[in-house]
Amino acid sequence: MDKGLILNNRVKEYRTKCGISQIELAETVGTTRQTIISIEKGVFCPSAKLALLIAIALNSKFEDLFYF
């Protein structure tokens, strides 16, 4: 696996379009606001399960939110 691959995301963009706050998203997917902030900034790479829960919460496809 290439260590140079970075998982990028559009979580903030989609969350804003849905009119959902960071705390609302965090509560919906069972994590903290700090985790959502870290994901949006690209500091933290979510597990596959958390990423899928975020996609479901934002009514989006996984591949639309997360990309290399």
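For this structure, a couple of remarks:
- Residues whose placed amide H lies under 5 Å from that of PHE44, excluding near-sequence neighbours: ILE39
- Long-range Cα-Cα pairs in segment 8-67 (distance over 17 Å), rounded percent: 22
- Radius 12 Å from Cβ of VAL11, net charge of other residues (Lys, Arg +1; Asp, Glu -1): +2
- Applying both filters, DSSP loop and at most 12 other Cβ atoms within 10 Å, to the trypsin sites (Lys or Arg not before Pro) of the chain gives LYS3, LYS61.
- Cut-off 15 Å between beta-carbons: net charge of the residues surrounding LYS41, Lys and Arg +1, Asp and Glu -1: +2
Only the coordinates and a few stated rules stand behind these numbers; no lab work does. The shown structure was predicted, so the numbers you read here are calculated from the model rather than taken from an experiment. Every residue, glycine as well, gets a Cβ built from its backbone with ideal geometry; the counts of neighbours run over all protein chains shown.
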